[in-house]
Amino acid sequence: MTNLKEISDSFVNKKTFKVIVKANSNQNLIRNFNPDKNAYLVEIKAKPEKNKANKELINYFSHLLKKKIKIIKGLRSKEK
């Protein structure tokens with residue numbers, strides 16, 4: 001699991017970032033960073049149906065970063 005302080009600090013100056021989502025996990029967490037894909041690997045508890053995982057991902061990052069978050073692309077993909 002990646003340190004939340006490090007993640008929060010790394011996002012301060014970025015307007016966008018890439019994530020790869022694993023839905024239907026045991027807990028919401030940022031597992032690690034994949035340098036090959038330049039993306040954070042994120043586990044989300046919600047199931048990948050009826051936009052539940054996307055909504056939970058937005059809520060998770062909004063709470064973590066204390067900023068309004070939106071998904072720019074990849075609404076139907078693991079890569080966002």
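The table below lists the values:
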item: Binned Cα-Cα distances of segment 26-80, short to long, each 5 Å bin given as a whole percent; result: 4, 19, 27, 30, 17, 2, 0
item: Amide N of segment 23-47 lying under 12 Å from the label point, which is placed 7 angstrom from the Cα of His63 along Cα→Cβ; result: 27-29, 45-46
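Values in this text are rule-based calculations from the coordinates and carry no lab data. Every value quoted in this text rests on a predicted model; they were computed, and no experiment measured them. Heads up, the Cβs are rebuilt from the backbone with ideal geometry, glycines too, and the neighbour counts pull from every protein chain shown.
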